[in-house]
Amino acid sequence: MKHISMTASEIAALVGGSVVGDPGRVITGVEGIRDAAPEHLSFVGSKKYEDQLATAKAGVILVCKDLAGASAADRTLIVCDSVDYAFAQVAARFAEEPPRAVPGVHPSAVVDPGAKLGEGVSVGANAVIEAGAEIGDGAVIGALCYIGHQVKIGAKTQLYPGVTVMYRCTVGAQCVLHSGVVIGADGFGFVPGPRGLVKVPQTGIVEIRDDVEIGANTTIDRARFGKTVIKDNVKIDDQVMVAHNVVVGESSILVAQSGIAGSAELGRGVVLAGKAGINGHISVGDGSQIAGTSSVMRSLPPKSIALGTPAESQREFMYRYSLPKKMQKVEAKLKELEAKLAELNAKA
C-alpha cells in the first residue's frame with residue numbers, strides 16, 4: 001500500500017457518502033472486514049451482514065443505506081449509495097501501482113522487420129511479433145507473447161506474459177489480456193467424411209474492441225467465417241471459453257469457467273455466472289442474468305433471469321424447486337383427513 005492517509009470527511013467527499021461519527025478519523029489503508037485494524041477502512045455492503053459491525057475493528061466502515069442507523073460505537077461509518085463502487089474508489093487511492101514496463105524491445109525478442117511498432121511500445125523477453133503486425137502507441141507486449149501475422153494491437157493495451165494472438169486477429173485500445181490467453185485458435189469445426197472426421201477451415205478472425213479485460217487461460221476462437229466479436233468494455237474472468245462466431249455485447253460479464261457455443265449472441269450487459277453455458281446459435285437479450293452452472297438451451301428475451309439445467313425463468317425454477325415440499329404438506333394433510341374419516345366411520 002502507498003504511505004498515504006485520508007480522513008473520513010475526505011473519503012465521504014470522494015465517494016459521495018455521508019459521515020456518521022468522527023469526520024476527522026484518519027485511515028492509512030483498506031482491508032477486509034475481518035482483518036481490518038483501527039487504522040483501516042473496510043465495508044459492509046448488505047444489511048444481512050450487519051452482525052459483522054459488532055466485531056469489526058476497522059476505524060472507518062463504508063455501509064449501505066439500510067445500515068445508516070447502525071451503532072457506530074468507536075468507529076465512523078460512511079453511508080453510500082453503492083458500497084462496492086465506493087470501496088473500489090478508495091482502494092484505488094491506496095493501491096500500489098504494478099511495475100511499469102520500460103519502452104523498448106528486449107534483445108531476446110524476435111520482431112519481424114515488416115511489423116510496425118508505435119511510440120513507447122514495450123516488448124518483453126522472448127516475445128515474437130510476426131510480419132505485418134501493428135502495435136499501437138504505449139502498448140505492452142509481455143515476455144513470451146506471440147503476436148501473429150497481420151495482428152493489430154491497439155494503443156495502451158497490455159498483454160501479460162504468455163499471451164497468444166493468432167494471425168489477422170485484432171485487439172482494441174486499452175485492453176488487458178492476462179497470462180495464458182489465446183485469441184484466434186481455430187474454432188472447433190469438423191464434419192463426418194468417408195474416412196472419419198474432416199476439419200472445416202476456420203477462415204475468420206477474432207475482433208476484440210476497446211477497454212476489454214480477459215482473464216488468465218481464457219480462449220476465444222476465430223470465426224469459421226467473418227468474425228468472433230467481443231464488444232467494448234466486456235470483462236471476462238479466468239478459464240472462459242468463447243467459441244467461433246460468437247458475439248458478446250458491450251459491458252457484459254463472463255465469470256470463470258462459463259462457456260459460449262458457436263454462433264451464439266449475447267446482448268449488452270449480460271452476466272454469465274460461474275460455469276454457466278450458452279447453447280450455439282441462440283441469442284440472450286440485453287441485461288439478462290444466467291445463474292451459476294445453468295445451461296441455456298433456447299433464446300432468451302431482454303432482462304431474463306435464468307436458472308438450472310436446462311435453464312428456465314426464476315419463477316419456473318422456484319415453482320419446481322418448491323413443489324416437492326408443497327406435495328409433502330399435501331400428503332400430510334391427506335393422511336390427517338384419512339385418519340379423521342376412519343375415526344368417523346368407526347363411530348358410525
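The values are calculated or read from the model by the stated rules, or taken from the named source; none is laboratory data. These numbers come from a predicted model, not from an experiment. Quick reminder, even Gly has a Cβ in these numbers, built from the backbone with ideal geometry, and neighbours come from all protein chains shown. Calculation scope for accessible area: heavy atoms of the full protein, side chains included, ligands and nucleic acids excluded. Shrake-Rupley method; radii C 1.70, N 1.55, O 1.52, S 1.80 Å.
Any residue at all in the range 283-304 that's hydrophobic (A, V, I, L, M, F, W, C), modelled with pLDDT of 85 or more and touching a Lys or Arg at 6+ places or on another chain (Cβ under 9 Å)?
Taking the range 283-304 first, the residues hydrophobic (A, V, I, L, M, F, W, C) are 284, 290-291, 296-297, 300.
From what is left, the residues that are modelled with pLDDT of 85 or more are 284, 290-291, 296-297, 300.
Right, trim to touching a Lys or Arg at 6+ places or on another chain (Cβ under 9 Å) and you get none.
Within the range 283-304, not a single residue is hydrophobic (A, V, I, L, M, F, W, C), modelled with pLDDT of 85 or more and touching a Lys or Arg at 6+ places or on another chain (Cβ under 9 Å).
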Provide a single number: the residues in the range 217-229 that are on the phi < 0 side of the Ramachandran plot and open to solvent by 30 Å² or more (accessible area, probe 1.4 Å). 4
Could you list, in sequence order, the residues of the range 124-140 that are part of a strand (DSSP E or B) and in contact (Cβ under 8 Å) with a residue 24 or more places away in the chain? VAL140
Restricting the range 47-69 to residues that are of a type in the set (Gly, Ala, Ser) and without any contact (Cβ under 8 Å) to a residue 24 or more places away in the chain, which is least open to solvent (accessible area, probe 1.4 Å)? ALA56
If the requirement is being open to solvent by less than 20 Å² (accessible area, probe 1.4 Å), part of a helix (DSSP H, G or I) and either closer than 24 Å to CYS169 by Cα or of a type in the set (A, V, I, L, M, F, W, C) (or both), which of these qualifies: ALA92, ALA86? ALA86
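Where residues in the range 271-314 are in a strand (DSSP E or B), closer than 17 Å to VAL247 by Cα and among the aliphatic types (A, V, I, L, M), which of them is most open to solvent (accessible area, probe 1.4 Å)?
Residue satisfying both the conditions and the ranking: VAL271.
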Pick from the range 51-75 the residues that are out of contact with any strand residue (DSSP E or B) (no Cβ under 7 Å at 6 or more places or on another chain) and charged (D, E, K, R): which of them is modelled with the lowest pLDDT? ASP74
Filter the range 1-42 for residues that are farther than 18 Å from ASP84 by Cα and among the polar types (S, T, N, Q) and give the result. SER5, THR7, SER9, THR28
Looking only at the range 137-147, filter to residues that are of a type outside the set (A, V, I, L, M) and touching a strand residue (DSSP E or B) at 6+ places or on another chain (Cβ under 6 Å); which one of those is nearest to ALA101 (Cα to Cα)? GLY142
Consider ALA131 against the criteria (1) over 21 Å from ALA216 (Cβ atoms); (2) in contact with a strand residue (DSSP E or B) (Cβ under 6 Å, 6 or more places away or on another chain); (3) aliphatic (A, V, I, L, M): it satisfies all of them except one. Which criterion is unmet? (2)
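Can you name the residue in the range 240-254 that is among the β-branched types (Val, Ile, Thr) and open to solvent by 10 Å² or more (accessible area, probe 1.4 Å) and is also nearest to ILE278 (Cα to Cα) among such residues?
Of all residues in the range 240-254, those among the β-branched types (Val, Ile, Thr) come to 240, 242, 246-248, 253.
Narrowing further to those that are open to solvent by 10 Å² or more (accessible area, probe 1.4 Å): 247, 253.
Details: VAL247: 12, ILE253: 14 Å.
Applying the filter and picking the extreme gives VAL247.
Having 1 or more residues that are in contact with a Cys (Cβ under 7 Å, 6 or more places away or on another chain) and open to solvent by less than 30 Å² (accessible area, probe 1.4 Å) is the bar; report the strands (runs of 3 or more DSSP E) wholly within the range 157-208 that clear it.
182-185, 205-208
Restricting attention to the range 213-230, which residues are free of Cβ contacts under 8 Å to residues at least 24 places away in the same chain and either in a loop (DSSP other than H, G, I, E, B) or touching a His at 6+ places or on another chain (Cβ under 6 Å) (or both)? Talk me through it step by step, then tell me what you get.
Taking the range 213-230 and keeping what is free of Cβ contacts under 8 Å to residues at least 24 places away in the same chain, we get 225-227, 229.
PHE225, GLY226, listed by residue number.
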Count of residues meeting criterion [without any contact (Cβ under 8 Å) to a residue 40 or more places away in the chain and in contact with a helix residue (DSSP H, G or I) (Cβ under 7 Å, 6 or more places away or on another chain)] in the range 25-38: 1
Restricting to the range 95-110, what's the tally of residues that are touching a residue at least 12 places away in the same chain (Cβ under 8 Å) and either within 27 Å of the chain's Cα centre (by Cα) or open to solvent by less than 50 Å² (accessible area, probe 1.4 Å) (or both)? 6
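With modelled with pLDDT of 95 or more and over 17 Å from the mean Cα position of the chain (by Cα) as the only criterion, which of VAL206, VAL240, VAL212 stands out? Spell out how you get there, then give the answer.
Values: VAL240 fails: over 17 Å from the mean Cα position of the chain (by Cα); VAL212 fails: over 17 Å from the mean Cα position of the chain (by Cα).
None of the other options fit; the residue is VAL206.
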Looking at LEU14, LEU41, which is the one that is surrounded by 13 or more Cβ atoms within 10 Å (Cβ to Cβ), over 30 Å from GLY138 (Cβ atoms) and touching a helix residue (DSSP H, G or I) at 6+ places or on another chain (Cβ under 9 Å)? LEU41
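Tell me, yes or no, whether the range 111-118 has at least one residue that is of a type outside the set (Asp, Glu), part of a loop (DSSP other than H, G, I, E, B) and under 18 Å from ILE230 (Cβ atoms). Talk me through it step by step, then tell me what you get.
We begin by selecting, within the range 111-118, every residue of a type outside the set (Asp, Glu); these are 111, 113-118.
After this cut, where a residue has to be part of a loop (DSSP other than H, G, I, E, B) as well, the list is 113-115, 118.
Cutting the leftovers down to under 18 Å from ILE230 (Cβ atoms) gives us none.
No, the range 111-118 contains no residue that is of a type outside the set (Asp, Glu), part of a loop (DSSP other than H, G, I, E, B) and under 18 Å from ILE230 (Cβ atoms).
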